[in-house]
Amino acid sequence: MVTGKALYRLWPGAMTDFTTVNELDAIEKHRLTVIAAASAGRPGRLFSHVSAAAIHRLPVLWPQLSHVHVTSPKVGKRAAKIVRHQAVVEPQDIEVVDGVTVTSIERTACDVARLGTNRQALAVLDAALRRDARPERLRQILDSCRGFKGVEMLRRTLPHANASSESVGESLSRAIMLESPDLPVPQQQVEIVDDHGKFIARVDFLLANRVVGEFDGMIKYNGTVGDDPAWKTVVDEKVREDKLRAQGYTVVRWTWQDLADKAAFYAQIKKALRSAGVE
């Protein structure tokens, strides 16, 4: 940021309009920073980890964006604005996106997963699979990362990753449920029909075939999704939920705030299971 807030410093020697940047979320600001760093640095510098994720617009849970990340065969080190990771990246895992040389979606997801928590790892791997990442390539990258920092996190999480979670919030929900072995393994994006085979809903989660779980990211209730006003969205959701209950399902909903308290979220799911007669 510079005098008068007219300009915003993305990178040494790279400025942009402050008002425009101020309206962006953190990941989009980081994306612009990486593009600026790529323009200012040596040609072919390989951006990786969360910086590559930003360029790919690959969703990441709770990313740390204070530094730009690059990967090089040379010794890794941290500079004022750059973290250098030491690794040899195969040519098939390198591509150019918007003029920036980055690791592929598969390599990026594996790198972010290795250095994250279990929840962050599952979220980014799910997101990569939603973006048509090749499962066999993910497994090959895992095999090639023997001895790398965090490889056991990647090894534990990759078998649980799938493309069914439609958002980071759904991935986080599933990750927390999987942390409790006494909870049923949730099915995702299950189509529910009535007694006549008529479609009722496609639900986020189905547990023990009796409990419908719905993650509410809240955005669909503030009128910013689609052309319908918020009140109509709420009414439609109530009608949908009533139809599910009429078929004998117990419905439980949760938000980001609920996911912030694992014990409370667990209790919420257990209560719904008990209500459905599942123990």
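Worth a mention:
- Only one of the numbered conditions (1) without any contact (Cβ under 8 Å) to a residue 40 or more places away in the chain; (2) over 25 Å from Pro73 (Cα atoms); (3) assigned to a helix (DSSP H, G or I); (4) of a type in the set (A, V, I, L, M) is not met by Val190, and that is (3).
- Residue check, Val75 outside any helix (DSSP H, G or I), modelled with pLDDT under 95 and hydrophobic (A, V, I, L, M, F, W, C): yes
- Residue count, region 40-56 (criterion: exposed (fewer than 14 other Cβ atoms within 10 Å of the Cβ) and not hydrophobic (A, V, I, L, M, F, W, C)): 3
- The residues of region 39-59 that are within 19 Å of Ala87 (Cα to Cα) and in contact with a strand residue (DSSP E or B) (Cβ under 7 Å, 6 or more places away or on another chain), listed by number, are Gly44, Arg45, Leu46, Phe47, Ser48, His49, Val50, Ser51, Ala52.
- Selected residue (criterion: least open to solvent (accessible area, probe 1.4 Å)) from residues of region 145-175 that are under 17 Å from Leu129 (Cα atoms) and in a loop (DSSP other than H, G, I, E, B): Ser165
- Close pairs (7 angstrom Cβ cut-off, 6 or more residues apart or separate chains): outside any strand (DSSP E or B) in region 193-204, open to solvent by less than 70 Å² (accessible area, probe 1.4 Å) anywhere: Asp194/Ile200; Asp194/Gln247
- Residue list for region 247-257, filter: without any contact (Cβ under 8 Å) to a residue 40 or more places away in the chain and assigned to a helix (DSSP H, G or I): Gln257
- Residues in region 85-100 that are in contact with a strand residue (DSSP E or B) (Cβ under 8 Å, 6 or more places away or on another chain), under 15 Å from Ala38 (Cβ atoms) and either aliphatic (A, V, I, L, M) or crowded, with 19+ Cβ neighbours inside 10 Å (or both): Ile94, Val96, Val100.
The values are calculated or read from the model by the stated rules, or taken from the named source; none is laboratory data. Predicted model, so just to flag it, every value in this text is computed and none were measured. Glycine gets a Cβ as well: all are built from the backbone with ideal geometry, and neighbour counts include every protein chain shown. The area values use the complete protein model at the heavy-atom level, side chains included, leaving out ligands, DNA and RNA. Shrake-Rupley method; radii C 1.70, N 1.55, O 1.52, S 1.80 Å.
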